[in-house]
Amino acid sequence: MLNPKMIQELQRNLAKIQEDLGKETVEASVGGGAVTVVMTGHQKVQSVKISAEAVDPDDIGTLEDLILAAVNEAGEKAKELANKRLGALTGGMKIPGMF
């Protein structure tokens, strides 16, 4: 059973991990580098890079699909990063409301 001191320590560690996740980034690139998305561990998009070759005014749909795929992949990587960091703290326990 967790005592109050252990709970406070857990809360401090959790706050530190959450802060660190905001500083860490993941990157996803799709279409052979046509679109690259950088996202924080808090799943906030920091940047989107689109190569000139990916821009075809006659085929906007493909570019939209590439952007969507890159954002989704970056989101999955950010979730994996959060789960990895939080898993070290929780010992693999799934805590509701935490990624």
Residues satisfying the stated conditions in region 23-71, i.e. of a type in the set (Lys, Arg) and either in contact with a Pro (Cβ under 7 Å, 6 or more places away or on another chain) or assigned to a helix (DSSP H, G or I) (or both) = 23
Matching residues in region 11-50 - criterion: being surrounded by 14 or more Cβ atoms within 10 Å (Cβ to Cβ) and more than 13 Å from residue 77 (Cβ to Cβ) | 13, 14, 17, 18, 31, 34, 35, 48, 49, 50
Per the list (1) exposed (fewer than 14 other Cβ atoms within 10 Å of the Cβ); (2) modelled with pLDDT under 95; (3) under 21 Å from residue 86 (Cα atoms), residue check on residue 53 breaks on (3)
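The values are calculated or read from the model by the stated rules, or taken from the named source; none is laboratory data. Being a predicted model, the structure only gives us computed values, none of them experimental. For neighbour counting, all protein chains shown are included, and Cβ atoms are generated from backbone atoms with ideal geometry for every residue, glycine included.
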